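The values are calculated or read from the model by the stated rules, or taken from the named source; none is laboratory data. Here the structure is a predicted model, which is why all the values come from computation and not from measurement. Counting neighbours? That spans all protein chains shown, and the Cβs are built from the backbone with ideal geometry, glycine included.
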Amino acid sequence: MADEKSVFRFDAPLSEDIDGFHRDGYIAYPGVLTDEALEGLTGEILNLEPVRDFINLSDVERQKMGRPSYFVRPWNDRGYWGDRLIDAPLVTALLQATVGPDYHFCHSALRITARGANPIRLHQDHHHWFHEYPVNFAEREKYYIQILYYPNGFRKGDHNLIVVPGSHKVSPKKEMTREMLLSGKYDKEASRELKEKHLEVPPGSMVYINARMYHGVEAKPLYSPQAYRIFNIDIFKEAGPPHRYTQEIPPQWISAASPERKKLFEREHYTEKSWIP
Ligand SMILES: O=C(O)CCC(=O)C(=O)O
Ligand SMILES: [Fe+2]
């Protein structure tokens, strides 16, 4: 539609962004959603019934229930702005500049995290690494891209994203710990000193990552001034067999899709049998 409003403040990455992606394993775009998209997306998320139910609880109630976060995967209940994220020009340009032309939409998720949430340890995300079927071996080197959105941002020390720039060059290891990764032992493989970087981003930010890069999240303190952090994620995979969470596409998404968007959805979704030879 020619009269569609912009989702992002610009439509294409700079070449230095792409250089940064290859060097560091991620690109951070602080405040990249337009004001209108940020307001629209935030409203759509906060109006979802299970999200409303979750944020209407008090911290004490959530702690009693042992539920400091609300999580849904796949996140299919998307409104106008949530839907537009999937193939907004900046997203398409980033994927084409990094993965190339052959990629598919894998899945999405939504998480609302309240005070008292645990940290998420440093990890890589890729669903072919730690499974040992022939298909998993064949698919290991392919791109798996996570696009992280932070509608209300995060501050350092308050459920902030931690990245280890350059760690996408370290081959996946099941038994890797934070201490091992940062010990210096893998610096040669990464061709740099591996250290944590604690990010801080304003509302409306996106972080585009190669999911091979180690990343984690700090805890959300009980005294956090931000009552809850909103996080939504879209994941894209290089063309090939399904990953562990490659989602079934709702039929109405397919029938409403443009020919270009349809291509993103035309792939198999994951089932228990997907990897069994
Ligand atoms: O919550 C975040 O900022 C990132 C979460 C993450 O790394 C994950 O869900 O795999
Ligand atoms: Fe992750």
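A few notes on this one:
- For the stretch 168-200, filtered to residues that are of a type in the set (G, A, S), within 21 Å of E141 (Cα to Cα) and at pLDDT 95 or above, the residue that is surrounded by the fewest Cβ atoms within 10 Å (Cβ to Cβ) is S191.
- Residue in the stretch 86-104 that is within 16 Å of ligand 1 (Cβ to nearest atom) and either modelled with pLDDT of 95 or more or not basic (K, R) (or both) present: no
- Of all residues making up the stretch 120-136, the number that are in a loop (DSSP other than H, G, I, E, B) and within 12 Å of ligand 2 (Cβ to nearest atom): 4
- Any hit, the stretch 17-39, residues being surrounded by 14 or more Cβ atoms within 10 Å (Cβ to Cβ) and modelled with pLDDT under 95: no
- Of all residues in the stretch 105-121, those being surrounded by 21 or more Cβ atoms within 10 Å (Cβ to Cβ), in contact with a Phe, Trp or Tyr (Cβ under 8 Å, 6 or more places away or on another chain) and of a type outside the set (D, E, K, R) number 8.
- Extreme residue, farthest from E272 (Cα to Cα), among residues of the stretch 206-245 that are of a type in the set (S, T, Y), buried (at least 18 other Cβ atoms within 10 Å of the Cβ) and within 16 Å of ligand 2 (Cβ to nearest atom): Y208
- Criterion (part of a loop (DSSP other than H, G, I, E, B) and free of Cβ contacts under 8 Å to residues at least 12 places away in the same chain) met by exactly one of P13, P101, P74: P101
- Number of the exception - D59 against (1) acidic (D, E); (2) at pLDDT below 95; (3) over 23 Å from E218 (Cβ atoms): (3)
- Of all the listed residues (S69, S6), the sole one being modelled with pLDDT of 95 or more, among the hydroxyl-bearing types (S, T, Y), under 22 Å from A219 (Cα atoms) and surrounded by fewer than 20 Cβ atoms within 10 Å (Cβ to Cβ) is S69.
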